[in-house]
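Right, one structure below, let's go through it.
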Amino acid sequence: MATNRVGIVILNYLNYKDTLECISSALKLSYSPLFIVVVDNGSNNESYEVISKKFKSKPSVTVLRSKTNLGFAQGNNLGISYARKNLKCDFVFAVNNDTVFTDKKIITSLVSNYKKGSSIGLIGPRIIGKDGLDQN
């Protein structure tokens, strides 16, 4: 059985510090092949440069730049389209840039819950805040 290619799309707008933490935690995930697509959504600060420089040696991390803020949906769609068309990802997970992955097997768990031919279009995890409270 072939392993599914998985992409994680992270939308950044001005807040590169959270985005750096999110990417770093995603790089520790145990799933492979895993690709990270960061969309800098028209930030007018040094976000694009800082993120690009930090992960330039990581071939699994792609940083895209939109010259204008496309908004939440279109910004994510830009990253999803790139992951599907350019990286040939079978699954794409869109996460907020303040996400910190604490379960290294979360992608494996989510992908294993997909049943080919089913009507499932979206799978998501239980989200726990830093305060330990359920965010769902």
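With +1 on the Cβ of every Lys and Arg and -1 on the Cβ of every Asp and Glu, and nothing else charged, how large is the dipole of the chain about its Cα centre, in debye rounded to the nearest 20? Could you put the intermediate results ahead of the total?
Numbers: 18 positive and 10 negative charges, 120 e Å.
Result for the chain is approximately 580 debye, rounded to the nearest 20.
The charge dipole of the range 1-51, taken about its Cα centre with unit charges on the Cβ of Lys, Arg, Asp and Glu (plus for the first two, minus for the last two), comes to roughly 280 debye. Once backbone amide H atoms are built at 1.01 Å from N, Val39 has Ile10, Leu11, Asn12, Leu64 as its partners under 5 Å, excluding neighbours fewer than 5 places away on the same chain. For Ala94, nonlocal amide neighbours, meaning residues 5 or more places apart or on other chains whose placed amide H falls under 5 Å from its own, are Val9.
Return the percentage of antiparallel bridges among DSSP beta bridges fully within the chain, rounded to the nearest 5 %. List each step's numbers first, then the result.
Numbers: 1 of 20 bridges.
Antiparallel: roughly 5 percent of the beta bridges in the chain.
Translational diffusion coefficient of the chain (Stokes-Einstein, Kirkwood radius from Cα pairs, 37 °C, 0.692 mPa s): 213 µm²/s.
Surface analysis of the chain yields an accessible area of 62 Å² per residue, using protein heavy atoms and a 1.4 Å probe. The chymotrypsin sites (Phe, Trp or Tyr not before Pro) of the range 42-120 that meet both conditions, a loop assignment by DSSP and at most 15 other Cβ atoms within 10 Å of the site Cβ, are Tyr114. Each of Gly42, Ala26, Asn69 was placed along the dipole of the chain (beta-carbon charges, centred on the mean Cα), and the one lying farthest toward the positive end is Ala26. The lysine pair tally for the chain, using Cα distances under 13 Å and a gap of 8 or more places or different chains, is 4.
For the options Leu64, Leu27, Leu110, a Gaussian network treatment of the chain with springs between C-alpha atoms closer than 10 Å singles out Leu110 as fluctuating the most. Relative to the longest principal axis of the Cα atoms of the chain, the long axis of helix 16-26 makes an angle of roughly 30 degrees.
The values are calculated or read from the model by the stated rules, or taken from the named source; none is laboratory data. Because the structure is predicted, anything quoted here is derived from the model rather than measured. FYI the Cβ positions are ideal-geometry reconstructions off the backbone, even for glycines, and counts take in every protein chain you see. Just the protein is used for accessible areas: all its heavy atoms, side chains included, with ligands, DNA and RNA removed. Shrake-Rupley method; radii C 1.70, N 1.55, O 1.52, S 1.80 Å.
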